[in-house]
Amino acid sequence: MEQAPFDPYLYVHNTNLEIHLEGKSPVMPVSDNIDKGLTSFADENGYPFALVFPENWRFPYEYVDIGEAYPKLLEYIQSNQQSDTDWYNYGVESGTSKQEKEDWEW
């Protein structure tokens, strides 16, 4: 297993594309990412397609935009992930769940 930071990724069968953390590269020879020039894993506004969160992260309630639940996320994205790197610690109480990892059903 590689050293942290890890690269958990998804391979989407019906599109033949991979989704990785920003800054990582496609790894599957059967995917179409490289052929289509899709080697960045963020949208045109810089929003990453994938993020890794700490275990104690309080996820947004259903139907609450992550940017509304975590206002510092926008500064994090606009700074090219250089400032507000702890944005996930500053959730809005009315927008984030109070559940802990122990409460999750597996």
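Legend: Rg and Dmax of the chain, from Cα coordinates, 15.7, 44 Å. Neighbour counting of Cβ atoms within 10 Å sorts the residues Glu93, Glu102, fewest neighbours leading, into Glu102, Glu93. The ellipsoid that matches the Cα gyration tensor of the stretch 1-51 has semi-axes, each √(5λ) in whole angstrom, of 17, 15, 9, with the longest given first.
Read-outs: derived from the displayed coordinates by stated rules, not from any lab. For clarity, every value in this text was computed on a predicted model and none was experimentally measured. Note that each Cβ is placed from the backbone with ideal geometry, even for glycine, and that neighbours are counted across all protein chains shown.
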